[in-house]
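The values are calculated or read from the model by the stated rules, or taken from the named source; none is laboratory data. Because the structure is predicted, anything quoted here is derived from the model rather than measured. Counting neighbours? That spans all protein chains shown, and the Cβs are built from the backbone with ideal geometry, glycine included. Side chains are part of the model used for accessible areas, which takes the heavy atoms of the whole protein and leaves out ligands, DNA and RNA. Shrake-Rupley method; radii C 1.70, N 1.55, O 1.52, S 1.80 Å.
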Protein chains: 2
Amino acid sequence: MTETPLAENIANQLRRDILRGKLRPGAPIKERDNAAEMGVSRTPMREAIRILAKEGLVNLRPSRSPLVAEPSLKEVMDAIDVLTALEVLSGKLACRNATEADLEDIRSIHAHMARIYDDADSLDLFEVDMSFHRAIARASHNALLAESHQAYLARLWRVRYLTASLRHNRARVLNQHGAILEGLHQRDVDKVTAGIGLQLEGLAQSVTQVV
Amino acid sequence: MTETPLAENIANQLRRDILRGKLRPGAPIKERDNAAEMGVSRTPMREAIRILAKEGLVNLRPSRSPLVAEPSLKEVMDAIDVLTALEVLSGKLACRNATEADLEDIRSIHAHMARIYDDADSLDLFEVDMSFHRAIARASHNALLAESHQAYLARLWRVRYLTASLRHNRARVLNQHGAILEGLHQRDVDKVTAGIGLQLEGLAQSVTQVV
DNA sequence: ATTTTGTATGTTGTATACAAAATTAAGGGC
DNA sequence: GCCCTTAATTTTGTATACAACATACAAAAT
């Protein structure tokens with residue numbers, strides 16, 4: 001999993017540029033230009049692009065410039081299906097394996113989110129929401145699962161970001177987080193998985209409105 | 001997803017070498033040596049190694065030689081958990097989305113396996129078994145799911161290969177394939193997911209014996 | 001006018017050269 | 001003999017140079 005640091009940094013930068021919309025979906029990423037712009041050579045830039053390609057944020061075409069991915073509605077829905085399966089599994093395993101420290105971690109994220117939820121800008125709130133879900137995946141104590149889960153979260157970053165600005169979703173999300181947290185505390189698998197399912201169903205619904 | 005052809009070829013070659021045991025788990029992969037051996041330069045070899053790293057067959061360490069992965073028992077079990085979730089989802093979706101052609105495809109693979117199952121060598125049989133499961137994932141008509149599923153299958157290739165030689169497993173596997181196929185035909189989600197669950201439980205059990 | 005082909009340009013693919021880091025080996029002190 | 005320090009070697013990280021391929025445009029032929 002560890003990568004060479006420079007390529008990793010470039011990948012992080014590129015990822016931000018893509019997700020924040022500086023690089024638009026469908027736009028070509030020219031190695032030389034982008035490398036020059038960041039003051040590095042093509043080699044690490046190539047590696048960075050490959051990293052993002054594996055994450056699904058970039059599409060590679062042989063001998064042609066890679067393109068920023070523009071997922072179709074179906075692709076987004078498909079990704080949500082997979083993410084749901086992964087997160088439900090996370091929830092199940094977390095009920096079994098989560099330590100008290102894990103729960104405390106999740107709880108504090110939830111508290112933080114509740115504290116800022118009505119006046120934070122959507123980006124900040126969104127970051128916190130992401131970390132809540134990642135914390136659950138971590139609490140499964142299955143590193144592979146956490147990694148795959150995170151990959152799908154990243155893939156859905158952009159649509160999630162777009163839907164996060166739908167203000168009426170906020171209260172619902174927060175309530176569901178509370179229910180999930182409660183379920184984890186009681187080690188109640190059904191409650192947790194139900195909460196996760198509902199939440200991602202909500203995401204799917206929001207997506208159809210935004211796209 | 002498309003990669004530059006040379007790197008892809010090298011990755012395929014390397015993957016075979018790893019899975020067949022020519023490159024032992026824990027062994028370092030030196031870019032220069034391996035590249036020279038295959039008659040290519042370091043650059044595409046590096047890319048190939050990165051590809052395998054994303055598949056989990058190779059572990060990258062900054063500024064040190066990459067190592068052929070040697071997954072612990074826990075890691076294998078974790079991977080099986082995730083694979084199960086992905087394959088169960090595949091089964092569910094396949095019940096809904098599989099076309100008649102998809103089912104025919106799966107059926108013919110099953111028939112082929114039944115035909116060769118008592119005298120084929122374990123490697124051939126194993127390849128067929130893999131393709132059966134991949135066909136189910138494809139029948140879900142969720143490309144991302146199929147891709148992730150395949151990635152986890154690849155990650156488990158080696159242990160699966162080792163357990164495939166346990167001859168007493170063969171009949172059980174074949175029967176379960178039959179049950180899954182029947183369930184798909186009847187669009188019976190419970191039957192399919194139960195079959196898949198059983199099968200992968202069996203794998204988990206075999207693994208504990210082999211490792 | 002349309003299609004085809006040739007050429008020019010730009011971009012990726014591969015190889016190699018150089019720099020930095022890590023490993024190994026050697027040497028000196030205890 | 002053992003350990004620490006240090007030099008030599010090996011190996012990866014990065015940059016750059018060159019080759020192959022693709023695209024765009026222009027000119028010529030149908």
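Of note:
- Annotation: per residue accessible area for chain A equals 47 Å², rounded to a whole number [probe 1.4 Å, protein chains only].
- Computed over neighbours whose Cβ is under 13 Å from that of A:Tyr152, the net charge equals -2, Lys and Arg +1, Asp and Glu -1.
- Local net charge near B:Cys95, Cβ-Cβ under 10 Å (Lys/Arg +1, Asp/Glu -1): +2
- Near B:Pro62, once Lys and Arg are set to +1 and Asp and Glu to -1 for all other residues with Cβ below 15 Å from its Cβ, the sum equals 0.
- Binned Cα-Cα distance frequencies in the protein assembly as shown - 10 Å width, integer %: 4, 20, 29, 28, 16, 3, 0
- Inverse mean reciprocal Cα-Cα distance (Kirkwood Rh) of segment A:5-68, Å: 11.3 Å
- A:Ser65/A:Met38 FRET efficiency (R0 25 Å; Cβ-Cβ; nearest 0.05): 0.95
- Cα principal axis extents for segment A:73-210, largest first, Å: 37, 33, 22
- Euclidean distance of C-alpha centroids, segment B:35-69 and segment A:175-211, integer Å: 40 Å
- q = 0.16, 0.28, 0.32 Å⁻¹: log10 I(q)/I(0) that the Debye formula gives for segment A:139-186, counting C-alpha atoms only: -0.66, -0.96, -0.97
- Shown for segment A:1-36: residues covered by the partner protein chains by 40 Å² or more of accessible area relative to the chain by itself (probe radius 1.4 Å), namely A:Met1, A:Thr2, A:Glu3.
- Nearest-0.05 FRET efficiency for B:Leu6 and A:Lys30, computed from C-beta distance (R0 25 Å): 0.75
- Acute angle (nearest 10 degrees) that the helix A:189-210 long axis makes with the longest principal axis of chain A, alpha-carbon atoms: 50 degrees
- Entries of A:Lys191/B:Lys191; A:Lys22/B:Lys54; A:Lys74/B:Lys92; A:Lys74/B:Lys54; A:Lys22/A:Lys74 with Cα pairs more than 19 Å apart: A:Lys191/B:Lys191; A:Lys22/B:Lys54; A:Lys74/B:Lys54; A:Lys22/A:Lys74
- Inverse mean reciprocal Cα-Cα distance (Kirkwood Rh) of segment B:43-109, Å: 15.0 Å
- Choice from A:Ala94, A:Ala151, A:Ala36 with maximal GNM fluctuation in chain A (Cα, 10 Å cutoff): A:Ala36
- Helix-only [θ]222 nm of chain A, DSSP H runs n ≥ 4, -39500 (n - 2.57) each, per residue, nearest 500: -24500 deg cm²/dmol
- Highest-MSF residue in chain B out of B:Leu73, B:Leu125, B:Leu184 [GNM, Cα springs under 10 Å]: B:Leu73
- In percent, rounded to a whole number, the relative contact order of segment A:36-141 is 27, using alpha-carbon pairs under 8 Å and six or more apart.
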